[in-house]
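The next block holds one structure in the form of structure tokens; read it before the comments.
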Amino acid sequence: MKVQTKPYGLIDVDARQLISFPSGIFGFETLNRYVLLDAIQQPFYWLQSIDVPEIAFVLISPFIFRPDYDPVLSSDEYHEIGLEGSDDDDLLLFTIVTIPPNNHSGMTANLQGPVIINRKTRVARQAIAGDTNWRTKHLIMDEFAGQRNAAC
């Protein structure tokens, strides 16, 4: 399948990369079809809208910079995508990254609104962490620096 993407132009994608968001993503509720792409710059990914090529989100696994990340999500959020809970082997969990123009060190991750994906069915949703430990803007570079300092 050919998909027009924001980062790479027109590319071929495998059907296994298709992700369905029945409820959309917050602020983009009418966009339900996406593809998950590896980014050239690891450890990031692209979540590219199939219907609107200009809409693409940068994702990252929060466990890379916050190994203690354990958002409290409702069982309804997991059930909506066909999962039993946070220990389900078919769960993929990402956070949306915001990168300010000309300031990569200021990039933030939304740990309050993780993206959860059922790896088997490729159905997803953006969830809301029900605890106050996680905010919408965690400075990724500061989190990495905190990890390094804690290891010393």
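The values are calculated or read from the model by the stated rules, or taken from the named source; none is laboratory data. Note that the structure is predicted; figures quoted are calculated from it, not measured. Cβ coordinates were reconstructed from backbone atoms using ideal geometry, including for glycine residues, and neighbour counts include every protein chain displayed. Heavy atoms of the whole protein, side chains included, go into the accessibility calculation; ligands, DNA and RNA do not. Shrake-Rupley method; radii C 1.70, N 1.55, O 1.52, S 1.80 Å.
Worth a mention:
Residue-by-condition table, conditions (1) open to solvent by 30 Å² or more (accessible area, probe 1.4 Å); (2) part of a helix (DSSP H, G or I); (3) charged (D, E, K, R); (4) touching a Leu at 6+ places or on another chain (Cβ under 7 Å):
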| residue | (1), (2), (3), (4) |
| --- | --- |
| HIS79 | yes, yes, no, no |
| GLY82 | yes, no, no, no |
| LEU93 | no, no, no, no |
| SER105 | yes, yes, no, no |
| LEU111 | no, no, no, no |
| LYS120 | yes, no, yes, no |
| ALA129 | no, no, no, yes |
| TRP134 | no, no, no, yes |
| MET141 | yes, yes, no, no |
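- Screening ARG125 against (1) in a strand (DSSP E or B); (2) open to solvent by less than 20 Å² (accessible area, probe 1.4 Å) leaves a single unmet condition, (2).
- Some residue of the stretch 55-63 being within 22 Å of ASP131 (Cα to Cα), touching a Gly at 6+ places or on another chain (Cβ under 6 Å) and part of a helix (DSSP H, G or I): no
- Here is the figure for the stretch 1-21: residues that are exposed (fewer than 11 other Cβ atoms within 10 Å of the Cβ) and either within 20 Å of ALA124 (Cα to Cα) or among the acidic types (Asp, Glu) (or both) total 4.
- Selection from the stretch 54-77 of residues that are open to solvent by less than 60 Å² (accessible area, probe 1.4 Å) and among the hydroxyl-bearing types (Ser, Thr, Tyr): SER61, TYR69, SER74
- Yes/no for TYR45 being in contact with a Leu (Cβ under 7 Å, 6 or more places away or on another chain) and either closer than 19 Å to VAL97 by Cβ or among the polar types (S, T, N, Q) (or both): yes
- Number of positions in the stretch 28-43 that are surrounded by fewer than 15 Cβ atoms within 10 Å (Cβ to Cβ) and in contact with a helix residue (DSSP H, G or I) (Cβ under 6 Å, 6 or more places away or on another chain): 1
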